[in-house]
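Colleague: Could you have a look at this structure, given as structure tokens, before my questions?
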Ligand SMILES: O=P(O)(O)OC[C@H]1O[C@H](OP(=O)(O)OP(=O)(O)O)[C@H](O)[C@@H]1O
């Protein structure tokens, strides 16, 4: 272990970040010379929502690179439903058994965050959503959280350690406002000295009522006011936003936008989607429930074989015209005009694809734009 209680990249790549039972059984199998050819599939029997976003494949490909395995998977950003295999690995069991822990960890966590982000975008109905939640998770995984949120469709992220290319977004903390004699002093200092590309979004709820501070912030040059109303003061959030909008308009600031944040849930965002102009979301994205993926043998030595509760045989998931989906045995001929969703990702340890987060994000956004919804 190093300075912090984190697992280093080398330990993950070497299979040292694993459940001890894998190490124990691999030793037993080595002694017995047992190492059958298997195909294993990753599926989730249930989801927090009717559909989810597949994410985390990039790390899985890097993890398995160089091992004698083949991997087929849905591309990152693919929408999937319960029981659909999202990824399959073929190889000799002992050669990749210890990686199950990390494979599932990569996929469960990233897919959970991407899914929550996509559902939040649906709730916001076109208004921008920003990921402010890396403070809710261990800093060592901030880049993963922000990447998954970006793939899920957020419009920017707050953590400066996010992967390059993701736009950074942020306003000002309450501590900043409190470090000046008055909020006006803080807002004017920010308006004067923040970088030219930094939007003048002023936090307008530190000491007094939102409608009072919002109008005062507008007078100090705010392009937008951020309302981060504490839950203890909240009551009817939509009514607060409507009242602030009214006061800004009547005092001559109709162009000043309202940015909402602070413990927002999907229901809060849906309730305010047409009165607030943007949303900063922390825990409701970063603390998303993980997707409960499992990795199970479906074929052993070339024959369909599965434990109880699982369907045996290698499968393919098809998308049909009209957005319908079908899971069939892989050897069944593809239905007419069907698009197979599981595609080659690794062949004998060599990556066939390098997932690009922009492609994954576009896959999600194009689905969210589709009139038929997620299909
Ligand atoms: O959706 P959430 O889980 O609440 O996370 C995001 C919140 O984190 C920050 O608030 P915080 O009060 O921690 O800091 P601040 O006073 O600097 O705004 C930010 O202002 C958001 O409100």
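The values are calculated or read from the model by the stated rules, or taken from the named source; none is laboratory data. Since we're looking at a predicted model, the values are computed, not measured. Cβ sites come from the backbone with ideal geometry, for glycine too, and all protein chains shown count toward neighbours.
Colleague: Can you find a residue that is at positive phi and within 25 Å of the chain's Cα centre (by Cα) anywhere in the stretch 320-336? Working first, answer last.
Modeller: So the first thing to find is which residues in the stretch 320-336 are at positive phi, and the list is 322-323.
Next, from what is left, pick out any that are within 25 Å of the chain's Cα centre (by Cα): 323.
Yes, the stretch 320-336 contains a residue that is at positive phi and within 25 Å of the chain's Cα centre (by Cα).
Colleague: Could you give every pair whose Cβ atoms fall below 7 Å, whose first residue belongs to the stretch 265-291 and is in contact (Cβ under 8 Å) with a residue 40 or more places away in the chain, and whose second residue is surrounded by fewer than 17 Cβ atoms within 10 Å (Cβ to Cβ) and in a helix (DSSP H, G or I), counting only separations of at least 6 or pairs across chains?
Modeller: 282/135; 282/136; 283/136; 286/136; 287/136
Colleague: Of these, 172, 144, 178, which one is surrounded by 16 or more Cβ atoms within 10 Å (Cβ to Cβ) and within 16 Å of the ligand (Cβ to nearest atom)?
Modeller: Details: 144 fails: within 16 Å of the ligand (Cβ to nearest atom); 178 fails: surrounded by 16 or more Cβ atoms within 10 Å (Cβ to Cβ).
Exactly one residue qualifies, and that residue is 172.
Colleague: Looking at this structure, is residue 95 out of contact with any strand residue (DSSP E or B) (no Cβ under 7 Å at 6 or more places or on another chain) and in a helix (DSSP H, G or I)?
Modeller: Working: out of contact with any strand residue (DSSP E or B) (no Cβ under 7 Å at 6 or more places or on another chain): no; in a helix (DSSP H, G or I): yes.
In short, no.
Colleague: Quick check on the stretch 248-287: of everything there that is surrounded by fewer than 17 Cβ atoms within 10 Å (Cβ to Cβ) and closer than 17 Å to residue 133 by Cα, which residue is farthest from the chain's Cα centre (by Cα)?
Modeller: Here the answer is 263.
Colleague: Checking the conditions here, which among 101, 115 is closer than 30 Å to residue 37 by Cβ, touching a helix residue (DSSP H, G or I) at 6+ places or on another chain (Cβ under 9 Å), at pLDDT 95 or above and part of a helix (DSSP H, G or I)?
Modeller: On the way: 115 fails: closer than 30 Å to residue 37 by Cβ.
Going through 101, 115 in turn, just one is closer than 30 Å to residue 37 by Cβ, touching a helix residue (DSSP H, G or I) at 6+ places or on another chain (Cβ under 9 Å), at pLDDT 95 or above and part of a helix (DSSP H, G or I): 101.
Colleague: Residues 314, 256, 275: which one is under 30 Å from residue 100 (Cβ atoms) and away from the ligand (no atom under 16 Å from the Cβ)? Lay out the reasoning, then the answer.
Modeller: Values: 256 fails: under 30 Å from residue 100 (Cβ atoms); 275 fails: under 30 Å from residue 100 (Cβ atoms).
After applying the criteria, what remains is 314.
Colleague: Looking only at the stretch 187-203, filter to residues that are touching a residue at least 24 places away in the same chain (Cβ under 8 Å) and part of a loop (DSSP other than H, G, I, E, B); which one of those is farthest from residue 256 (Cα to Cα)? Walk me through how you get there before you give the answer.
Modeller: Looking only at the stretch 187-203, we keep the residues that are touching a residue at least 24 places away in the same chain (Cβ under 8 Å), and these are 187-188, 191, 199-203.
Next, from what is left, pick out any that are part of a loop (DSSP other than H, G, I, E, B): 199-200.
Working: 199: 12, 200: 10 Å.
Selected residue: 199.
Colleague: Next question. Would you mind telling me which numbered condition in (1) in contact with a helix residue (DSSP H, G or I) (Cβ under 7 Å, 6 or more places away or on another chain); (2) at pLDDT 95 or above; (3) within 11 Å of the ligand (Cβ to nearest atom) residue 229 fails?
Modeller: (2)
Colleague: Report whether or not residue 150 is assigned to a helix (DSSP H, G or I) and over 26 Å from residue 250 (Cβ atoms). Quick ask: steps written out before the conclusion?
Modeller: Working: assigned to a helix (DSSP H, G or I): yes; over 26 Å from residue 250 (Cβ atoms): yes.
Yes.
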